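Before any comments, here is the structure.
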Amino acid sequence: MDGEYVDALVATAPDGIAFDDLHVAHESDGYTFQTPDVDHSGIDEETLRTVAAESPYVRNWYFWHATAPQKADRWAFLRWLEGAEQRDVAERYDALADGVSATWGELHLTVTLSDGERAYSVRHRADADVGTSALDTHDDPLDAREIAKHDDDGGYRPLKTAPSLQTGWAFPALSAGEFVTTVDAFYPATIANWHREREGELDVNHWRDTVDRQTGIYGVVKTWDRGDGYEHVNWVAEACCDDSQCLKRREWQYDEETDLGVDGGSGEFPCREPCSLVIAGARQWTKLEGETSQTYEFELTPSEKEQVEAIIDAVADGEAEDIREADIYEGANRYRARFLRAKLFDDEGNLGGVETEQ
Amino acid sequence: MDEALVIAAHGSHLNAESSTPTYDHADTIRATGAFGEVRESFWKEEPSFREALRTVDAEEVYLVPLFISEGYFTEQVIPREFRLEDWDPELWDSDGTSATNATLAAEDTDQTVHYCGPVGTHDSMSDVIVQRAESVTGDPDVGDGFGLAVVGHGTERNENSAKAIQYHADRIRERDRFDEVQSLFMDEDPEVDDVADYFESDDIVVVPLFIADGFHTQEDIPEDMGLTDDYRTGYDVPTTVEGHDIWYAGAVGTEPLMADVVLERAADAGADVSSAIEQVREETGGAKPATGD
């Protein structure tokens with residue numbers, strides 16, 4: 001291994017090297033080799049090999065040019081993780097010896113330097129402080145596809161960036177290439193889109209563009225937009241794209257000129273267009289919102305009105321299952337809901353005995 | 001630069017297992033090393049059709065739809081979502097079951113994309129159906145004394161949906177391996193509900209031409225055929241229905257040999273994968289590739 005990075009340096013020196021505080025050149029009077037620690041010029045190849053073999057700057061250069069994935073976004077992601085743009089090599093290597101971590105969605109990412117080599121690990125951020133021996137360990141990046149499929153309760157996760165990633169697993173020792181593959185399996189295309197955004201090249205497709213593109217059973221969503229109003233799209237974004245539902249940061253708006261009125265979230269990686277779940281939801285809402293309102297007359301006590309609100313809140317916030325069985329002080333408690341149903345529904349399930357069709 | 005294979009599949013918002021055959025076949029192909037990268041992509045899951053290409057490093061991509069029929073998805077949805085410039089279904093010059101491939105540029109990534117016809121209408125799909133029959137009966141020579149039913153969804157939005165089923169049923173019938181071969185459908189005549197009426201053979205292998213197991217293959221078809229009153233209680237293989245033993249195979253797309261069809265599609269588009277095809281056929285029990293034409 002030692003030979004590899006030194007051989008590579010000698011082979012590349014004639015083209016000149018200027019990377020991360022390392023400067024190497026081959027001129028008529030010999031090689032120059034400069035780092036913040038040493039400054040050699042006019043040295044022969046043997047001396048170059050000796051100084052290079054001991055230099056962390058050379059190993060650092062070799063890692064970024066021969067070991068790390070060279071695709072621009074993957075490369076930039078690895079640089080971002082270890083703070084390469086903020087710290088010089090010496091500082092970085094000090095930090096890497098203890099491990100440098102970052103959060104990516106619900107992932108806790110760490111890069112550590114040992115014996116001069118970078119090793120990467122991935123786990124759930126909730127498991128950041130859990131000993132690796134207490135976690136199910138994996139070494140195949142593609143295992144992430146299966147882990148990402150179900151939440152901690154075994155429920156299917158159709159949206160990879162939903163904040164419901166299961167816990168209890170770790171990829172403790174990955175190469176740089178395996179590491180980005182793992183992250184991309186948990187959160188597909190997030191690295192690519194994050195990088196495009198940093199480069200000012202994120203190709204955002206707004207609501208109107210995306211809806212206009214739909215055909216087949218989703219073509220109907222086009223008819224939901226009427227006139228200049230976009231309040232309905234605010235509701236969609238509030239329902240589906242809030243940080244509590246998806247960890248991508250929504251960058252799409254109603255159209256190029258019209259921003260939506262709800263927060264896009266604070267995620268590290270962007271969302272560049274309404275996803276298939278949003279479109280599938282919008283299809284259903286297009287149908288439901290085509291109905292005209294009617295006036296129904298019910299009688300509720302003030303507490304019953306508040307209880308209906310509490311039930312909607314509990315379902316919308318995914319908290320219904322967390323309400324304890326005997327916690328009858330919660331409106332969305334099961335016994336409370338059953339009491340309300342027993343009192344207010346008729347035999348056909350009509351609230352207040354009022355038929356839906358009038 | 002290396003070449004990549006991107007598989008485009010439907011996926012599901014509701015069924016966790018819909019993506020499983022896609023992953024399995026991708027893994028089989030990945031293991032051959034035939035492509036620098038192999039990427040799964042989905043209409044309903046992630047990576048989405050919209051964003052799969054940008055996760056691939058290669059400049060040259062073979063894009064193979066893991067779909068049964070030619071039509072709405074392969075001719076409209078996939079080319080549109082992958083942003084394949086200047087796509088026109090005429091480029092495949094297909095009669096509904098004879099799609100070839102077309103080389104196009106992806107608008108957002110500038111990659112060269114060899115857009116292939118779907119696995120379902122490739123000739124080698126007939127071999128997978130037969131192999132599925134072998135798998136479910138546990139008999140590598142199954143055929144004599146057996147009828148084979150190839151089951152499809154039916155017309156729905158797309159007349160080619162039935163064509164693909166009939167195409168393979170016809171091809172397999174011509175081989176004279178099974179005593180009888182019949183195409184059946186879920187939502188049109190001849191209906192799968194009446195499977196026993198369409199065969200004289202005591203034993204009938206039923207192979208649904210679906211990519212993944214899901215509601216249709218695990219719930220509707222077994223109940224429609226009378227294998228069970230309630231899919232949740234399961235059924236035996238074979239189950240006797242009206243005097244016939246029905247060997248119900250489940251989705252053909254779960255058969256490991258499907259990986260071969262994906263490779264065949266890429267090979268037809270120019271990918272140099274002949275040794276991978278040989279390897280996959282060997283591993284998944286497929287026949288040796290024919291030499292010459």
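Nothing in this text is a laboratory measurement; each read-out follows from the coordinates by a stated rule. Keep in mind that this is a model prediction, so the values were computed, not measured. Positions of Cβ are backbone-derived with ideal geometry, glycine not excepted, and every protein chain shown enters the neighbour counts.
Just a few scattered comments:
- Neighbour-count ranking [beta-carbon atoms within 10 angstrom, fewest first] of A:Cys240, A:Cys271: A:Cys240, A:Cys271
- Each other residue within a Cβ distance under 13 Å of A:Trp80 adds +1 if Lys or Arg and -1 if Asp or Glu, for a net charge of -1.
- Taking B:Met258, B:Met186, B:Met125 and counting other C-beta atoms within 10 Å, the order from fewest to most: B:Met186, B:Met125, B:Met258
- Residues A:Tyr57, B:Tyr72, sorted so that the one with the fewest Cβ neighbours within 10 Å comes first: B:Tyr72, A:Tyr57
- Size descriptors for chain B (Cα atoms only): Rg and Dmax, in that order, 18.7, 59 Å.
- Once backbone amide H atoms are built at 1.01 Å from N, A:His124 has A:His108, A:Gly168, A:Trp169 as its partners under 5 Å, excluding neighbours fewer than 5 places away on the same chain.
- Gyration tensor verdict on the stretch A:2-65 (Cα atoms; rounded if a/c is under 1.5, prolate if a/b is larger than b/c, oblate otherwise): rounded
- The stretch B:80-162: trypsin sites (Lys or Arg not before Pro) in DSSP coil with no more than 11 other Cβ atoms inside 10 Å: B:Arg157
- Ranked by the mean number of other Cβ atoms within 10 Å per residue, highest first, peptides A:59-68, B:4-13, A:342-351 order as B:4-13, A:59-68, A:342-351.
- Note that chain A, at 25 °C in a medium of 0.890 mPa s, gets a Stokes-Einstein diffusion coefficient of 99 µm²/s from its Kirkwood radius over C-alpha pairs.
- Packing, taken as the mean count of other beta carbons within 10 Å per residue, orders the peptides A:192-198, A:134-140, B:29-35, B:59-65 from highest to lowest as B:59-65, A:192-198, B:29-35, A:134-140.
- Values of log10 I(q)/I(0), in the order q = 0.13, 0.16, 0.22 Å⁻¹, for the stretch B:70-207 under a Debye, Cα-only, solvent-free model: -0.63, -0.84, -1.23
- Whole-angstrom gap from the stretch A:208-244 to the stretch A:1-31, using each part's C-alpha centre: 56
- Helix-only arithmetic for chain B: the sum of -39500 (n - 2.57) across DSSP H runs with n ≥ 4, divided by the residue total, places the mean residue ellipticity at 222 nm at -7000 deg cm²/dmol.
- Rounded, prolate or oblate (a/c below 1.5 giving rounded, otherwise prolate when a/b exceeds b/c) for the protein assembly as shown by Cα gyration tensor: oblate
- Among B:Thr103, B:Thr55, B:Thr121, residue whose mean-square fluctuation peaks in a GNM of chain B (springs only between Cα atoms under 10 Å): B:Thr55
- Here the peptides A:202-209, B:204-211 are ranked by packing, the mean other Cβ count within 10 Å, and the order with the highest first is B:204-211, A:202-209.
- With Cα atoms, 0 to 90° folded angle of helix A:45-54 axis to chain A main axis: 40
- Per residue of peptide A:64-72, the mean number of Cβ atoms on other chains within 10 Å of the residue Cβ is 1.
- Ellipticity at 222 nm from helices only: DSSP H runs of n ≥ 4 in chain A, each -39500 (n - 2.57), divided by the residue count, give -10500 deg cm²/dmol.
- Annotated for the protein assembly as shown: lysine pairs at least 8 residues apart or interchain, Cα distance under 22 Å, count 10.
- With Cα atoms as the point set, the stretch A:296-358 shows a radius of gyration and Dmax of 12.4, 38 Å.
- Within the protein assembly as shown, percent of DSSP bridges classed antiparallel, to nearest 5: 50
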